[in-house]
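Novice: What follows is a structure written as structure tokens; I'll ask about it next.
The values are calculated or read from the model by the stated rules, or taken from the named source; none is laboratory data. Because the structure is predicted, anything quoted here is derived from the model rather than measured. Quick reminder, even Gly has a Cβ in these numbers, built from the backbone with ideal geometry, and neighbours come from all protein chains shown.
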Amino acid sequence: MICLDMQPLSEVGKTGFKRLIKYLEPRYTFPLRKVLLNKYLNEMHAKFSNCVSDELSTVQYVAITTDFWTSCAINDYISPTVYFFCIVAVVRDRNTDITKALNDSAIAPVPCSTHLLQYVVRKAFLDNPYVRNQLVAKCRKIISSFKHSNKNTKILKQCQNQLALPQHRMIQDVSTRWNDTLHMMKKRLNEQKNAIIMASSRKDATIAAELTVDEWKKIEHLIDTMEIFDTATLQLSKETSSISEVIPLMQVIQSHLEIPSPKGTSLQDLRNDLLAWLKQKFSLIHTNELIVKATVLDPHFKLNPFQQEKHSVFLSSIKDSIVR
């Protein structure tokens with residue numbers, strides 16, 4: 001239980017667990033914590049270390065993933081997970097230590113598309129002065145007015161009932177998470193738009209900010225602009241995701257951003273910034289051999305995402321790899 005489920009040693013001393021063991025086997029005597037720590041765990045560690053060493057000795061190639069974490073005692077750890085496959089490449093984030101380790105090795109690094117996508121959004125979306133200081137700031141004040149006032153919450157519920165809207169509570173975003181801000185706007189503000197406008201018009205309500213008709217329209221267009229990034233992030237974060245999806249997804253996002261923003265929304269600068277950062281951060285994906293091969297070999301995409309004049313080059317490269 002301690003090893004397999006990663007439970008603390010204190011679990012065996014808890015009343016509920018002792019009662020369970022006593023019920024199952026009344027004659028059993030619990031070992032002392034010191035005995036568990038110094039004898040049984042050490043024996044188990046040695047046993048399984050030998051098993052792992054023996055198993056790895058017969059393996060020619062492995063795939064390794066790592067994760068950094070900090071314990072409650074503020075001790076830093078790195079946890080490696082080893083898979084018995086041939087190492088073709090390692091998907092990495094922007095961590096400098098991991099990047100240096102891979103550059104010093106013969107392993108091909110593949111940049112993590114999700115991390116790059118988050119960087120693009122943070123730089124363009126959260127750093128946009130109008131979006132951050134005007135639209136988002138007002139939205140947060142409105143949400144806070146309902147979230148932290150019982151009186152305003154009751155008024156909002158009354159308005160929701162009158163308008164037959166879902167009685168959802170307001171969600172305050174975490175300022176460092178752009179998708180939180182998007183969900184705050186989409187799932188609460190935009191969903192409850194009419195209820196919020198009705199509540200704000202009541203004299204007994206105290207709302208810290210109000211959105212104009214023009215600003216409500218801008219929020220709708222902002223949601224439309226940013227929603228594709230949220231969808232792409234979720235798709236690339238799935239356990240079943242593949243690097244073959246990166247190029248097609250980036251092309252879809254690029255096409256979406258190249259559509260001009262509606263006049264009067266003041267969001268064209270945001271679209272331009274998103275597009276510029278996207279092109280900069282994903283500029284090398286079409287020259288990354290692994291990503292290109294994965295895309296071509298994926299039956300969902302094949303050569304469709306690529307220009308016609310490059311088809312023969314990619315096919316020739318893949319044939320050469322198979323022959324080798």
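Novice: State yes or no: is Lys34 over 30 Å from Ser321 (Cβ atoms) and in a helix (DSSP H, G or I)?
Specialist: When the stated conditions are applied, Lys34 passes them.
Residues checked against (1) free of Cβ contacts under 8 Å to residues at least 40 places away in the same chain; (2) under 23 Å from the mean Cα position of the chain (by Cα):
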position: Ser49; (1), (2): yes, no
position: Gln60; (1), (2): yes, no
position: Ala63; (1), (2): yes, yes
position: Cys72; (1), (2): yes, no
position: Pro80; (1), (2): yes, yes
position: Thr96; (1), (2): yes, yes
position: Lys100; (1), (2): yes, no
position: Asp104; (1), (2): yes, no
position: Leu117; (1), (2): no, yes
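Novice: Quick one: would you say Val82 is in a strand (DSSP E or B), modelled with pLDDT of 80 or more, in contact with a helix residue (DSSP H, G or I) (Cβ under 9 Å, 6 or more places away or on another chain) and surrounded by 11 or more Cβ atoms within 10 Å (Cβ to Cβ)? Walk me through it before giving the result.
Specialist: Working: in a strand (DSSP E or B): yes; modelled with pLDDT of 80 or more: yes; in contact with a helix residue (DSSP H, G or I) (Cβ under 9 Å, 6 or more places away or on another chain): yes; surrounded by 11 or more Cβ atoms within 10 Å (Cβ to Cβ): yes.
Yes: the conditions hold for Val82.
Novice: Just one of (1) among the basic types (Lys, Arg); (2) surrounded by 10 or more Cβ atoms within 10 Å (Cβ to Cβ); (3) not in a helix (DSSP H, G or I) trips up Lys22, so point out which.
Specialist: (3) is the only condition that Lys22 fails.
Novice: If I filter region 252-266 for residues that are surrounded by 13 or more Cβ atoms within 10 Å (Cβ to Cβ), on the phi > 0 side of the Ramachandran plot, of a type outside the set (A, V, I, L, M) and not assigned by TED's automatic domain parsing to the domain that holds Asp127, do I get at least one hit?
Specialist: Looking through region 252-266, at least one residue is surrounded by 13 or more Cβ atoms within 10 Å (Cβ to Cβ), on the phi > 0 side of the Ramachandran plot, of a type outside the set (A, V, I, L, M) and not assigned by TED's automatic domain parsing to the domain that holds Asp127.
Let's see how each residue does on (1) out of contact with any Ser or Thr (no Cβ under 9 Å at 6 or more places or on another chain); (2) of a type in the set (Gly, Ala, Ser); (3) closer than 16 Å to Ile142 by Cβ; (4) in contact (Cβ under 8 Å) with a residue 40 or more places away in the chain:
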site: Gln172; (1), (2), (3), (4): no, no, yes, no
site: Ile223; (1), (2), (3), (4): yes, no, yes, yes
site: Glu227; (1), (2), (3), (4): yes, no, no, yes
site: Ser266; (1), (2), (3), (4): yes, yes, no, yes
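Novice: Further, regarding this structure: Among the residues of region 106-115, how many are under 16 Å from Phe229 (Cα atoms) and either without any contact (Cβ under 8 Å) to a residue 40 or more places away in the chain or in a loop (DSSP other than H, G, I, E, B) (or both)? Lay out the reasoning, then the answer.
Specialist: At the first step, the residues of region 106-115 found to be under 16 Å from Phe229 (Cα atoms) are 112-115.
Now restrict to residues that are either without any contact (Cβ under 8 Å) to a residue 40 or more places away in the chain or in a loop (DSSP other than H, G, I, E, B) (or both): 112, 115.
The number of residues fulfilling the criteria is 2.
Novice: Next up: Going by the structure shown, is Thr70 modelled with pLDDT of 80 or more and under 27 Å from Met250 (Cβ atoms)? If you could, list the steps in order and put the result at the bottom.
Specialist: Values: modelled with pLDDT of 80 or more: yes; under 27 Å from Met250 (Cβ atoms): no.
Against the criterion (modelled with pLDDT of 80 or more and under 27 Å from Met250 (Cβ atoms)), Thr70 does not qualify.
Novice: List pairs: first residue in region 195-218 and over 23 Å from Arg169 (Cβ atoms), second residue modelled with pLDDT under 90 and surrounded by 14 or more Cβ atoms within 10 Å (Cβ to Cβ) anywhere in the structure, Cβ distance under 6 angstrom, at least six positions apart or on different chains.
Specialist: Lys218/Thr265
Novice: Mind checking which helices (runs of 4 or more DSSP H) fall wholly inside region 138-242 and carry at least 1 residues that are within 30 Å of the chain's Cα centre (by Cα)?
Specialist: Working: elements: 150-163, 178-183, 193-200, 213-236.
Passing ranges, in order: 178-183, 193-200, 213-236.
Novice: With Met6, Met44 as the choices, which residue is closer than 23 Å to Pro80 by Cα and in contact (Cβ under 8 Å) with a residue 24 or more places away in the chain? Working first, answer last.
Specialist: Working: Met6 fails: in contact (Cβ under 8 Å) with a residue 24 or more places away in the chain.
So the residue among Met6, Met44 that is closer than 23 Å to Pro80 by Cα and in contact (Cβ under 8 Å) with a residue 24 or more places away in the chain is Met44.
Novice: Name the one entry in Leu278, Leu236, Leu211, Leu249 that is touching a helix residue (DSSP H, G or I) at 6+ places or on another chain (Cβ under 8 Å) and farther than 24 Å from Asp298 by Cβ. Before the answer, list the steps.
Specialist: Working: Leu278 fails: farther than 24 Å from Asp298 by Cβ; Leu236 fails: farther than 24 Å from Asp298 by Cβ; Leu249 fails: farther than 24 Å from Asp298 by Cβ.
When all the criteria are applied, what remains is Leu211.
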